[in-house]
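*Asks:* Handing you a structure now.
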Amino acid sequence: MRVRSKHQRLVLVLLAMTALIGAVLLAMWGLQDRAAYFMTPQDIAAGRAQPGQPLRLGGMVQQGSVDKQADGVTVAFTVYDGPATVPVRFRGILPDLFKENSGVVAEGRLGQDGVFVADNILAKHDERYMPPQ
């Protein structure tokens, strides 16, 4: 029995769709632990963040809150956006643009004690940024 070309095309389309759905599901499964939501200190104060959930915290570094520890690599500071503040602890090398009263995005997880433990710090600058001469 010979398969009609119409049926052959239908089988090929179904196989392609199955492969595409399988690839999407595999990608979603592989990236599920890497997804990080962006939140502000007000979101965290409102209880929208679960401890241990990977997220990005964005806001401004509070004036006078940067405390470099004696080990030379651990830094504690506070991120704010209006009335809400979140304490942050980071172990590593800070970017050159990191300073007080400047924008920052911290990637990490909220601890059970309410302290955000950052794995990575991204310093933000305004649109008028000029590199140092």
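*Asks:* Considering each residue of segment 103-119, count those that are assigned to a strand (DSSP E or B) and open to solvent by less than 30 Å² (accessible area, probe 1.4 Å), and give that number.
*Replies:* 8
*Asks:* Another one. Quickly run through segment 21-51 and pick out the residues that are in a loop (DSSP other than H, G, I, E, B) and either at pLDDT 85 or above or among the acidic types (Asp, Glu) (or both).
*Replies:* Asp33, Thr40, Ala46, Gly47, Arg48, Ala49, Gln50, Pro51
*Asks:* With respect to the numbered conditions (1) open to solvent by less than 70 Å² (accessible area, probe 1.4 Å); (2) in contact (Cβ under 8 Å) with a residue 40 or more places away in the chain; (3) touching a Gly at 6+ places or on another chain (Cβ under 9 Å); (4) within 18 Å of Val117 (Cβ to Cβ), which one is the sole condition not fulfilled by Val73?
*Replies:* Result: Val73 fails condition (2) only.
*Asks:* Scan segment 82-102 for residues that are buried (at least 17 other Cβ atoms within 10 Å of the Cβ) and touching a helix residue (DSSP H, G or I) at 6+ places or on another chain (Cβ under 7 Å) and jot them down.
*Replies:* If the condition is that a residue be buried (at least 17 other Cβ atoms within 10 Å of the Cβ) and touching a helix residue (DSSP H, G or I) at 6+ places or on another chain (Cβ under 7 Å), then Thr85, Val86 are the ones that fit.
Per-residue answers, yes or no, for (1) of a type in the set (A, V, I, L, M, F, W, C); (2) more than 17 Å from the chain's Cα centre (by Cα):
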site	(1), (2)
Ala45	yes, yes
Leu55	yes, no
Gly59	no, no
Gln62	no, yes
Thr85	no, yes
Phe116	yes, no
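*Asks:* Pairs needed: first member in segment 82-104, basic (Lys, Arg); second member anywhere, in a strand (DSSP E or B); C-beta distance under 6 Å; at least 6 residues apart or different chains.
*Replies:* As it stands, the answer is Arg89/Ala76; Arg89/Val117; Arg91/Thr74, since those pairs meet every condition given.
*Asks:* Continuing with the same structure: If we keep just the residues of segment 63-120 that are in contact with a Lys or Arg (Cβ under 9 Å, 6 or more places away or on another chain) and among the aromatic types (Phe, Trp, Tyr), which is farthest from Gln53 (Cα to Cα)?
*Replies:* Phe77
The values are calculated or read from the model by the stated rules, or taken from the named source; none is laboratory data. Every value quoted in this text rests on a predicted model; they were computed, and no experiment measured them. A quick note on method: Cβ atoms are made from the backbone with ideal geometry, for glycine too, and the neighbour counts reach across all protein chains shown. Keep in mind that these areas ignore ligands, DNA and RNA; they rest on the heavy atoms of the full protein, side chains included. Shrake-Rupley method; radii C 1.70, N 1.55, O 1.52, S 1.80 Å.
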